[in-house]
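Working notes, beginning with the structure itself.
Read-outs throughout are calculated quantities, based only on the coordinates presented, and are distinct from any laboratory measurement. From a predicted model like this one, the values you see are computed outputs, not experimental measurements. Here the Cβ positions follow ideal geometry from the backbone for every residue, glycine too, while neighbour counts run over all protein chains shown.
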Amino acid sequence: MTAIARTFRVLAAVAASLLAATTLAPAARAAPVPKAPREFVDLRSVDPTIITEMRYATAHTFMGERVDGYRQPVCLLTRPAARALHTAQRQLLRRGYSLKVYDCYRPQRAVDHFVRWAKDLDDQAMKGEFYPLVDKSRLFEDGYIAEKSGHSRGSTVDLTLVELPAAPTRPYVPGERLTPCFAPRDERFPDNSVDMGTGFDCFDTLSHTDDPRVVGVQRANRQFLRKTLTDLGFVNLAEEWWHFTYTPETFPDTYFDFPVDKRSVTGR
């Protein structure tokens with residue numbers, strides 16, 4: 001074999017290797033999206049009329065940023081929980097109301113994000129709205145942050161009531177002036193929810209469903225929401241008027257970590 005022939009042979013082998021690497025590289029980089037068990041669904045596939053405002057997919061959170069794992073603003077739930085919300089929604093629509101969900105299934109990586117933030121005592125950017133009266137060093141002790149969440153099991157939802165027709169709500173603007181979450185409704189961040197006495201994710205005892213200081217229309221709204229849902233198998237967390245778990249839970253002992261993404265429940 002001549003020197004020229006050997007040279008061409010080496011160049012051809014190098015070119016083939018580069019082509020193979022180029023062809024395989026995208027596939028190697030594109031890790032498959034973890035899938036949810038078949039018992040999980042996108043709430044919109046069960047009831048598209050329920051209003052969805054997935055707060056953790058936005059910067060309007062107690063951390064001031066989008067939460068890890070929330071790739072899309074979709075509500076994923078176990079099918080029995082979603083069907084129970086559909087039944088509740090049918091009842092509420094007849095009375096001129098709609099459910100609005102703030103959070104549904106929550107991946108463990110999101111809970112881990114909460115924990116990291118809570119341990120960083122210097123980061124208090126959103127204190128003025130979400131925890132004005134609570135020392136951040138007490139968030140674990142007071143139960144506002146924990147290393148595990150029932151949301152990660154897939155049958156827990158944070159939600160409220162909206163009177164129809166639903167008014168539009170403006171987006172949060174990072175850096176805007178913050179108002180305490182327990183301020184009068186006309187002063188706190190605008191939300192088309194009925195007046196529940198506090199905003200969502202308000203770290204304050206006023207968020208306790210039966211706090212005696214919450215009276216009148218605000219108390220009636222909380223009781224209306226709770227009765228509607230408890231009649232269908234949901235259990236309210238006493239410390240949060242917005243927090244409900246459908247029972248019996250489909251996965252009572254499993255904490256999932258697939259992302260909040262439509263692809264998690266499609267193509268299985």
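Key figures for this structure:
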{"item": "Sequence of V214, V115 once ranked by neighbouring C-beta atoms within 10 Å, starting from the fewest", "result": "V115, V214"}
{"item": "Dipole magnitude (debye, nearest 20) for the stretch 34-256, charges at Cβ of Lys, Arg, Asp, Glu", "result": "800 debye"}
{"item": "Residues R79, R55, sorted so that the one with the fewest Cβ neighbours within 10 Å comes first", "result": "R79, R55"}
{"item": "Of the DSSP H helices in the chain, those whose Cα atoms cover at least 30 Å axially and whose Kyte score averages 1.0 or more", "result": "3-29"}
{"item": "Share of pairwise Cα separations in the stretch 34-256, more than 24 Å, in percent", "result": "41 percent"}
{"item": "Antiparallel bridge percentage (DSSP; both residues within the stretch 34-256; nearest 5)", "result": "90 percent"}
{"item": "Neighbour-count ranking [beta-carbon atoms within 10 angstrom, fewest first] of E249, E147", "result": "E147, E249"}
{"item": "Value of relative contact order over the chain, rounded to a whole percent, pairs C-alpha under 8 Å and six or more apart", "result": "24 percent"}
{"item": "The stretch 138-268: Rg to Rh, with Rh as the Kirkwood radius over Cα pairs", "result": "0.98"}
